[in-house]
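Visitor: Take a look at the following structure, please.
The values are calculated or read from the model by the stated rules, or taken from the named source; none is laboratory data. Keep in mind the model is a prediction, meaning the values are calculated, not measured. Note that each Cβ is placed from the backbone with ideal geometry, even for glycine, and that neighbours are counted across all protein chains shown. What goes into the accessible areas is simple: the full protein's heavy atoms, side chains included, and nothing from ligands, DNA or RNA. Shrake-Rupley method; radii C 1.70, N 1.55, O 1.52, S 1.80 Å.
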Amino acid sequence: MAQKDINPLVKTALELGPVLAFFVAYIALKDRVFTINGTEYGGFIVATAALIPLLLLSTGILWKLTGRLSRMQIMTMVLVVLFGGLTVWLNDERFLKIKPTIVYLVFAGLLGIGLMRGQGWLKVLMGEMLPMSDRGWLILSRRIAAAFAVMAVA
């Protein structure tokens, strides 16, 4: 299927809508407890259970409309399904909460590996959006790798 352009507002709504819906649901449900099949689930778990199919649906719609998904969209979907699924299945909100730390560590590590090889791997993700020299990509990769490492520690 060929790549198609869509309205940027539709694209933004499909990309950010599930996350915004999660936060709204969490704020509305955070102090409540739901009993489902004899097991008690907090509002965070219920909001997470709603996030997973909503994210899959919006990503599927985005793919249908545009004919492609970015690597970042695919990775986000996989990680939310994996960690969100563990959160719901094990009824432990720590799994979804550690997802950002793991993502930051993976990004810092991957960029660090690229830098050790003398390559700015950000160019692969962002090259068509931000044209610059290879030296510029190395500088940007070094700075963003450091930022990801700091955020993971924080």
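Visitor: What's the total number of residues in the range 66-77 that are open to solvent by 90 Å² or more (accessible area, probe 1.4 Å) and either of a type in the set (Phe, Trp, Tyr) or touching a residue at least 60 places away in the same chain (Cβ under 8 Å) (or both)? Give the steps one after another, and end with the answer.
Guide: Here is the first cut: in the range 66-77, the ones open to solvent by 90 Å² or more (accessible area, probe 1.4 Å) are 68, 71.
In the following step, the residues that additionally are either of a type in the set (Phe, Trp, Tyr) or touching a residue at least 60 places away in the same chain (Cβ under 8 Å) (or both) were identified as 68.
The total comes to 1.
Visitor: If you don't mind, there's one more thing I want to ask. Check the range 9-22 and report whether any residue there is part of a helix (DSSP H, G or I) and more than 27 Å from PHE148 (Cα to Cα).
Guide: yes
Yes/no per residue for (1) of a type in the set (Ser, Thr, Tyr); (2) at pLDDT 90 or above; (3) in a helix (DSSP H, G or I):
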{"residue": "ALA47", "(1), (2), (3)": "no, yes, yes"}
{"residue": "LEU62", "(1), (2), (3)": "no, yes, yes"}
{"residue": "VAL78", "(1), (2), (3)": "no, yes, yes"}
{"residue": "LEU82", "(1), (2), (3)": "no, yes, yes"}
{"residue": "LEU96", "(1), (2), (3)": "no, no, yes"}
{"residue": "ALA108", "(1), (2), (3)": "no, yes, yes"}
{"residue": "MET129", "(1), (2), (3)": "no, no, no"}
{"residue": "PHE148", "(1), (2), (3)": "no, yes, yes"}
{"residue": "ALA152", "(1), (2), (3)": "no, yes, yes"}
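Visitor: Right, here's the next one. In the range 139-152, how many residues are touching a helix residue (DSSP H, G or I) at 6+ places or on another chain (Cβ under 7 Å) and open to solvent by less than 80 Å² (accessible area, probe 1.4 Å)?
Guide: Keep residues of the range 139-152 that are touching a helix residue (DSSP H, G or I) at 6+ places or on another chain (Cβ under 7 Å), which gives 140-142, 144-145, 148-149, 151-152.
Checking which are open to solvent by less than 80 Å² (accessible area, probe 1.4 Å) leaves us with 140-141, 144-145, 148-149, 152.
Total satisfying the criteria: 7.
Visitor: Quick check, is TRP63 of a type in the set (A, V, I, L, M, F, W, C), surrounded by fewer than 14 Cβ atoms within 10 Å (Cβ to Cβ) and without any contact (Cβ under 8 Å) to a residue 24 or more places away in the chain?
Guide: On the way: of a type in the set (A, V, I, L, M, F, W, C): yes; surrounded by fewer than 14 Cβ atoms within 10 Å (Cβ to Cβ): no; without any contact (Cβ under 8 Å) to a residue 24 or more places away in the chain: yes.
For TRP63, the condition - of a type in the set (A, V, I, L, M, F, W, C), surrounded by fewer than 14 Cβ atoms within 10 Å (Cβ to Cβ) and without any contact (Cβ under 8 Å) to a residue 24 or more places away in the chain - is not met.
Visitor: Are there any pairs, at least 6 apart or on different chains, whose C-beta atoms fall under 7 Å, with the first in the range 2-21 and farther than 11 Å from SER58 by Cα and modelled with pLDDT under 90 and the second open to solvent by 70 Å² or more (accessible area, probe 1.4 Å) and outside any helix (DSSP H, G or I), and if so, which?
Guide: Filtered contacts from the range 2-21: GLN3/ARG68.
Visitor: Follow-up question, since we're still on this one. For the condition of a type outside the set (A, V, I, L, M), in contact with a Leu (Cβ under 6 Å, 6 or more places away or on another chain) and closer than 13 Å to PHE22 by Cα, what is the one hit in THR87, THR48? Walk me through it before giving the result.
Guide: Values: THR87 fails: closer than 13 Å to PHE22 by Cα.
Just one listed residue meets the conditions, THR48.
Visitor: A further question follows. Pairs only if they're at least six apart or on different chains, beta carbon under 7 angstrom, first in the range 115-128 and on the phi < 0 side of the Ramachandran plot and among the aromatic types (Phe, Trp, Tyr), second open to solvent by 70 Å² or more (accessible area, probe 1.4 Å) and part of a helix (DSSP H, G or I); list them, first residue then second.
Guide: So the pair list comes out as TRP121/LEU110.
Visitor: Can you name every residue in the range 83-114 that is surrounded by fewer than 17 Cβ atoms within 10 Å (Cβ to Cβ), touching a helix residue (DSSP H, G or I) at 6+ places or on another chain (Cβ under 9 Å) and either farther than 14 Å from ALA49 by Cβ or among the β-branched types (Val, Ile, Thr) (or both)?
Guide: ARG94, LYS97, ILE98, PRO100, THR101, ILE102, LEU105, VAL106, GLY109, LEU110
Visitor: Shifting gears a bit: Condition (residue is open to solvent by 70 Å² or more (accessible area, probe 1.4 Å) and among the acidic types (Asp, Glu)) applied to the range 30-44: is it met by at least one residue?
Guide: Yes, that holds for at least one residue.
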